[in-house]
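Shown next, in structure tokens, is the structure this report addresses.
The values are calculated or read from the model by the stated rules, or taken from the named source; none is laboratory data. Being a predicted model, the structure only gives us computed values, none of them experimental. All Cβ positions, even for glycine, are placed from backbone atoms using ideal geometry, and neighbour counts span all protein chains on display. For the accessible areas, the whole protein counts, side chains as well, though only heavy atoms, and no ligand, DNA or RNA atoms are used. Shrake-Rupley method; radii C 1.70, N 1.55, O 1.52, S 1.80 Å.
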Amino acid sequence: MKKYIKNIVPVAALLLTMGTATSCVGDLDVTPINPNIQTGLNIDGLFNKCYANFAMAGNGGANGDCDIDGIDGGTSGFVRQTFNANELPTDEAICGWGDDGIAGFCYNSYNATNPMLTGLYARITTGIAYCNQYLAEAGDQDATKLAEIRFLRAYEYFSLMDGWGNIPFTLQPLTKPERYTRPQVYEWLEKELLEIEPNLSEAKAKKSTDAGYGRVDKAACWLLLSRLYLNAEVYTGTPQWEKAKSYAKKVMDLGEQPGGYKLNTKSVKGWSAYQMLFMGDNGETDAAYEGIFPLLQDGLKTTSWGTTLFLLASTYDQDMHANPNNPKATNGTDQAWGGNRARPDLVKKFFPNGNVPNLESYATAEAAGDDRALFNGVNRTLDNDDVATFKSGFGVAKFTNFKTDGSAGHDAIFPDADFFLMRVAEAYLNFAEADARLNGDQTTEEGTAAINAIRKRAHASTREDRGYSLSDICDEWSREFYFEGRRRMDLIRFNRYGGNVNYNWQWKGGTKEGRNFSENLNIFAIPTNELTSNKNLTQNPGY
């Protein structure tokens, strides 16, 4: 039984002051949908709500009211829009749907009126509003809970700063935000995370049957600090590789401690250790010990069109079969929407010699010699010749609702698979990249060992006699984390995104052969309605 966010719906229904966010969220404020509603506050419900914002559209689950006006609940999901904003504009994913805003991502032509970016911006700022409200109302009643909500707010501010650079910032409810520059937000984030770390729970890996599963602890704080420091040169102009490496090592060292977070290396009943991270029982198997910040999903209790269901349904059609033990099944649900698939540039990272076979996903992984190459090429073309056609490009069978014990999910539509928003593997790659940047663009023995650990888990080849270059590491980020909503950030850090970088992929910049696009697109445009509602803000350059 998943004890934490699974109880949000009945508890959060008591959140009488936290109705639906207005479509204009520039004040980081939320107002009741019914002005005659009683304004009592359930503080435990509000605590849950701060977590739920990452995983659910609103209090009523998938088909209830959405917290964000002007965009439907499924489309407004944090995970869904994080995917759209950080995967579709990159060398990993492409989508042929006609939804307003999708083409802007795929062809790197997004602007201040992109409805998907506006939805993500609203989801993040609404989450910040919930956190500010909780911190204002909770007082000093529980130091650990206060630290957790401050972490959630910090994660949301990190996401906002990474995407939009110069952002609205306030720590108080019902207060018009000031404009903070990226360096200002960076400075606040570092101070905030260091300040809350002592009050967070001790770093301890958990399964869904353990108390506190789904709640953040010190490990999440260390990993977010490592991520912040790894990108410090982009955000402030000053690199912080030593700090990035140090905090990554703190997370890695947990694997040597009893009950510590660790890479999942245990395969079960033919499912690889890597596949188990993205399955319907990932909260119940040893895979859970890798998930530092899991977003909890249950097919009956916490339903959402915009979290794990989006990741698995949007990447399958009815002809894909991810389970070799059940070749008639698709992804473990009855949902297969046929939208997002791989760009050829992603698949070729697993087949550098170009000999890509047209096989089922489990056979493709075997042919690649890498458990992570979960691509379906049956009756498909490698190239995205016709962006509107789902079979024009390889399918991605990474996310499923199958369970290792063969049992069915709780519901035919909505999955039980949690989404690991932060997982241990990131620490290993943070460590290796920082190590290489400190060592003339080549990993030392300890950095090499970190990447080898990731690759050994996937049964991929390793290096013992030489290190990994930064180019190798950029590709390894993609092989390990593709479709998990972070590629844009990594490409920017490696100077492979906007500007005259001459690192191209298919359909980059709107041409099939790929072309450079303006560097100003490294930062998203502040939504037009935000500029209208808050005169403290100014538009980012180039928009």
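So the values come out like this:
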| quantity | calculated |
| --- | --- |
| Condition check for TYR482: aromatic (Phe, Trp, Tyr) and in contact (Cβ under 8 Å) with a residue 60 or more places away in the chain | yes |
| Among (1) without any contact (Cβ under 8 Å) to a residue 60 or more places away in the chain; (2) surrounded by fewer than 17 Cβ atoms within 10 Å (Cβ to Cβ); (3) within 24 Å of ALA85 (Cβ to Cβ) - the single one GLU233 does not satisfy | (1) |
| Out of ALA143, ALA220, sole residue that is crowded, with 17+ Cβ neighbours inside 10 Å and either at pLDDT 95 or above or under 24 Å from VAL79 (Cβ atoms) (or both) | ALA220 |
| Selection within the range 361-381 - open to solvent by 40 Å² or more (accessible area, probe 1.4 Å) and free of Cβ contacts under 8 Å to residues at least 60 places away in the same chain | TYR362, GLU366, ALA367, VAL378, THR381 |
| Extreme residue, modelled with the highest pLDDT, among residues of the range 69-93 that are open to solvent by 10 Å² or more (accessible area, probe 1.4 Å) and assigned to a loop (DSSP other than H, G, I, E, B) | THR75 |
| Qualifying position, being surrounded by 17 or more Cβ atoms within 10 Å (Cβ to Cβ), assigned to a loop (DSSP other than H, G, I, E, B), at pLDDT 50 or above and of a type in the set (S, T, N, Q), among ASN59, ASN111 | ASN59 |
| Tally of residues being surrounded by 15 or more Cβ atoms within 10 Å (Cβ to Cβ) and free of Cβ contacts under 8 Å to residues at least 60 places away in the same chain across the range 504-517 | 3 |
| Residue tally, condition closer than 16 Å to ALA147 by Cβ and either open to solvent by less than 30 Å² (accessible area, probe 1.4 Å) or among the aliphatic types (A, V, I, L, M) (or both), over the range 200-210 | 2 |
| Test set (1) open to solvent by less than 20 Å² (accessible area, probe 1.4 Å); (2) over 25 Å from LYS262 (Cβ atoms); (3) under 22 Å from the mean Cα position of the chain (by Cα) - GLN335 fails condition number | (1) |
| Sole residue being hydrophobic (A, V, I, L, M, F, W, C), under 26 Å from ALA417 (Cα atoms) and open to solvent by less than 10 Å² (accessible area, probe 1.4 Å), chosen from LEU254, LEU263 | LEU254 |
| Residue under evaluation GLY96, criteria (1) within 20 Å of GLN506 (Cβ to Cβ); (2) open to solvent by 10 Å² or more (accessible area, probe 1.4 Å); (3) of a type outside the set (Asp, Glu); (4) modelled with pLDDT of 95 or more, criterion not met | (4) |
| Single unsatisfied condition, CYS66 versus (1) under 29 Å from ASN534 (Cα atoms); (2) open to solvent by less than 10 Å² (accessible area, probe 1.4 Å) | (2) |
| Selection within the range 457-479 - without any contact (Cβ under 8 Å) to a residue 60 or more places away in the chain and either of a type in the set (D, E, K, R) or closer than 22 Å to ALA273 by Cβ (or both) | THR462, ARG463, GLU464, ASP465, ARG466, TYR468, ASP472, ILE473, GLU476, TRP477 |
| Selection from the range 158-171 of residues that are surrounded by 18 or more Cβ atoms within 10 Å (Cβ to Cβ) and farther than 16 Å from LEU537 by Cα | PHE158, SER159, ASP162 |
| Residues of the range 338-360 satisfying the condition of being open to solvent by less than 60 Å² (accessible area, probe 1.4 Å), within 22 Å of HIS459 (Cβ to Cβ) and either in contact with a strand residue (DSSP E or B) (Cβ under 7 Å, 6 or more places away or on another chain) or part of a helix (DSSP H, G or I) (or both) | ALA342, LEU346, VAL347, GLU360 |
| Qualifying residue in the range 115-138 (condition: without any contact (Cβ under 8 Å) to a residue 60 or more places away in the chain, open to solvent by less than 30 Å² (accessible area, probe 1.4 Å) and farther than 19 Å from ALA52 by Cα) | yes |
| Pair list, Cβ < 7 Å and 6+ apart or interchain, from the range 425-446 residues that are touching a residue at least 60 places away in the same chain (Cβ under 8 Å) to residues that are among the acidic types (Asp, Glu) and open to solvent by 10 Å² or more (accessible area, probe 1.4 Å) | ASP435/GLU446; LEU438/GLU242 |
| Some residue of the range 266-276 being assigned to a helix (DSSP H, G or I) and open to solvent by less than 10 Å² (accessible area, probe 1.4 Å) | yes |
| Out of ALA417, ALA450, sole residue that is under 21 Å from ASP475 (Cβ atoms), open to solvent by less than 10 Å² (accessible area, probe 1.4 Å) and in contact with a helix residue (DSSP H, G or I) (Cβ under 6 Å, 6 or more places away or on another chain) | ALA450 |
| Residue count for the range 497-533, restricted to those that are assigned to a loop (DSSP other than H, G, I, E, B) and out of contact with any helix residue (DSSP H, G or I) (no Cβ under 7 Å at 6 or more places or on another chain) | 10 |
| Residues (among the β-branched types (Val, Ile, Thr) and either assigned to a loop (DSSP other than H, G, I, E, B) or open to solvent by 10 Å² or more (accessible area, probe 1.4 Å) (or both)) located in the range 301-315 | THR303, THR307, THR315 |
| Count of the range 189-226 residues which are touching a helix residue (DSSP H, G or I) at 6+ places or on another chain (Cβ under 7 Å) and assigned to a helix (DSSP H, G or I) | 16 |
| Counted residues, the range 172-199 - those being closer than 21 Å to LEU230 by Cα and open to solvent by 60 Å² or more (accessible area, probe 1.4 Å) | 6 |
| Neighbours by Cβ (under 6 Å, 6+ apart or cross-chain): first from the range 56-79, closer than 20 Å to GLY214 by Cβ; second open to solvent by 40 Å² or more (accessible area, probe 1.4 Å) and among the small types (Gly, Ala, Ser) | ASN59/ALA13 |
